[in-house]
Amino acid sequence: MPIALITHEACLDHDTGEGHPERPDRLRAVQAALAEAHFPDLLREQAPKASAEQLARVHDADYVRELLATQVPEGTLAALDADTIISPGSIEAALRAAGAAIRAVDMVMQGEAEAAFAAVRPPGHHARPATAMGFCLFNNVAVAAHHARDRWGLTRIAVADFDVHHGNGTQEEFWSDPNLFFASSHQSPCYPGTGSAREQGTAHNVANAPLAPGSGSAEFQRAWKDVLLPALDAFAPELVIVSAGFDAHRRDPLAQMMLETEDYAWITRELVALAGRHAQGRIVSLLEGGYDLEALAESAAAHVDALR
């Protein structure tokens with residue numbers, strides 16, 4: 001079966017303003033790296049819009065209603081917080097990003113694709129149930145997990161997050177649900193300040209591996225080999241969802257970790273093997289961070305190549 005690439009041009013219309021790191025050029029760089037000339041065998045899909053009902057499985061209904069009703073006048077921007085900026089095209093972009101997550105799940109569950117990568121923005125893993133945060137409007141991986149459970153009847157779903165910033169929104173959403181597992185490597189100290197190894201969820205369904213600034217390949221791979229992959233194996237997920245942030249790369253400007261492009265290929269192969277052991281190979285991945293355009297493009301290409 002092919003690997004699916006799910007994206008949408010509407011995600012380029014999410015304008016965060018001059019100088020903002022989470023900018024449309026990020027997605028352009030990823031799309032160029034994954035162009036047909038480089039990846040001729042990808043099954044290319046347009047992301048649908050998520051529905052309010054699908055979003056409300058994760059987010060408070062009032063938050064969903066208010067955000068969907070937000071009107072940003074043409075030619076202007078609005079700030080949801082100091083970091084999270086929206087424009088007239090942002091709400092559709094966020095709906096397409098969450099919809100891509102849902103479509104990715106459906107494609108692997110229906111056997112249309114062996115794996116799926118959603119190249120979308122805005123990212124999602126900081127979005128809390130009732131609050132936008134850290135460039136994120138809707139928590140795309142959590143939307144995917146709840147869709148997998150409600151639509152496909154899965155009972156054990158795991159999110160593996162290797163973004164340099166801790167996925168606090170995903171952790172909060174999963175915290176008290178024993179059938180959802182969250183595993184994260186991330187820099188600490190760093191935004192958003194969560195992700196201590198002591199944070200384990202009420203059902204021991206959270207595993208965090210904080211890494212010091214300056215950590216490189218050895219520390220990253222050790223955290224996954226010794227802590228996170230064994231925890232995921234013990235959970236035995238029926239579906240693996242990846243929060244694929246590439247901002248732990250040594251060239252990224254927003255943190256101080258020292259990963260190489262090959263590290264993203266390595267962790268992807270490990271997660272594919274995990275899915276093979278427990279989830280009949282079912283794995284879906286969603287773009288999160290990554291703010292150096294060259295490093296982002298290289299890393300995303302290495303990630304998708306390793307999904308095959």
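For the pair ARG151 and ASP81, a Förster radius of 35 Å applied to the C-beta separation gives a FRET efficiency near 0.65, rounded to the nearest 0.05. Normalised by 2.2 N^0.38 Å, where N is the number of residues, the alpha-carbon radius of gyration of the range 37-183 equals 1.04. Per q in 0.09, 0.11, 0.12, 0.13 Å⁻¹, report the Debye log10 I(q)/I(0) for the chain, using one uniform scatterer on each alpha carbon and no solvent. Rounded to two decimals, the profile gives -0.37, -0.57, -0.69, -0.82. Taking every DSSP beta bridge that has both ends in the range 1-156, the antiparallel portion is near 35%. Projecting the Cα atoms of ASN140, LEU12, GLN46 onto the charge dipole of the range 1-146, computed from C-beta unit charges around the Cα centre, puts ASN140 farthest toward the positive end. In this Cβ point-charge picture (+1 for Lys and Arg, -1 for Asp and Glu), the range 1-147 has a dipole of about 180 debye about its Cα centre. Among the GluC sites (Glu not before Pro) in the range 1-105, those located in a DSSP loop and surrounded by at most 13 other Cβ atoms within 10 Å of their own Cβ are GLU18, GLU36, GLU74. Of all DSSP-defined beta bridges confined to the chain, some 10% are antiparallel rather than parallel.
In square angstrom, what is the accessible area per residue of the range 12-77 with a 1.4 angstrom probe?
Values: 3820 Å² over 66 residues.
That works out to 58 Å² per residue.
If I stretch the segment between ALA218 and ALA37 completely, what's the gain in nm (0.36 nm per residue apart, minus their alpha carbon distance), one decimal? Don't skip to the answer; put the middle values down first.
Values: separation 181, 0.36 × 181 = 65.16 nm, distance 3.34 nm.
Residue separation times 0.36 nm, minus the Cα-Cα distance, leaves 61.8 nm.
Is the range 206-281 best put as rounded, prolate or oblate by its Cα gyration tensor, with a ≥ b ≥ c the root eigenvalues, rounded for a/c under 1.5, and otherwise prolate when a/b is larger than b/c, oblate when not? In terms of gyration-tensor shape, prolate.
Remark: the range 21-28, residue by residue, has Karplus-estimated 3J(HN,Hα) of x, 8, 10, x, 4, 4, 5, 4 Hz, where x stands for each Gly or Pro and the curve is 6.51 cos²θ - 1.76 cosθ + 1.60 at θ = phi - 60°.
Across every pair of different alpha-carbon atoms, what Kirkwood hydrodynamic radius in Å does the range 217-261 reach? Walk me through the intermediate numbers first.
Working: mean 1/r = 0.0826 Å⁻¹.
That comes to 12.1 Å for the range 217-261.
Pairwise alpha-carbon distances in the range 14-106 exceed 18 Å for 56% of all pairs. Charges were assigned to the Cβ only: +1 to each Lys and Arg, -1 to each Asp and Glu. The resulting dipole of the chain about its Cα centre is roughly 640 debye. P(r) for the range 177-308, from all Cα pairs and a bin width of 10 Å, is 13, 44, 36, 7 %, short bins first. Accessible surface for the range 184-308, divided over its residues, is 36 Å² per residue with a 1.4 Å probe. Our coupling estimate for the range 63-69, obtained by passing each phi through the Karplus curve with A = 6.51, B = -1.76, C = 1.60 and θ = phi - 60°, is 4, 4, 4, 5, 5, 5, 8 Hz, Gly and Pro reported as x.
For the chain, what % of the accessible area comes from carbon and sulfur atoms, probe 1.4 Å? All intermediate terms of the calculation are to be shown ahead of the outcome.
On the way: 5540 of 11270 Å².
Roughly 49 percent, rounded to a whole number.
Determine the shape class of the range 101-146: with a ≥ b ≥ c the square roots of the Cα gyration tensor eigenvalues, call it rounded for a/c under 1.5, and otherwise prolate if a/b is greater than b/c, oblate otherwise.
Working: a/c = 4.36, a/b = 2.22, b/c = 1.96.
In terms of gyration-tensor shape, prolate.
A simple count of charges around PHE39, restricted to other residues whose Cβ falls under 11 Å of its Cβ and scoring Lys, Arg +1 and Asp, Glu -1, yields -1. Placing unit charges on each Cβ (+1 for Lys and Arg, -1 for Asp and Glu) gives the chain a dipole about its Cα centre, and among ALA297, SER185, VAL240 the Cα reaching farthest toward its positive end belongs to VAL240.
Using +1 on the beta carbon of Lys and Arg, -1 on that of Asp and Glu, and nothing else charged, what's the dipole of the range 101-222 about the Cα centre, debye to 20? Please report the intermediate quantities before stating the final value.
Numbers: 8 positive and 11 negative charges, 17 e Å.
Rounded to the nearest 20 debye, it is 80 debye.
Taking the Cβ-Cβ separation of ALA203 and GLN46 as r and a Förster radius of 51 Å, what is the calculated FRET efficiency to the nearest 0.05? Provide the component values of the computation, followed by the final result.
Values: r = 37 Å, r/R0 = 0.73.
My answer for the efficiency is 0.85.
The values are calculated or read from the model by the stated rules, or taken from the named source; none is laboratory data. Small disclaimer: the values here were computed from a predicted structure and weren't measured. All Cβ positions, glycine included, derive from the backbone under ideal geometry; neighbour counts span all protein chains shown. Surface accessibility is based on the protein's heavy atoms, side chains included, excluding ligands, DNA and RNA. Shrake-Rupley method; radii C 1.70, N 1.55, O 1.52, S 1.80 Å.
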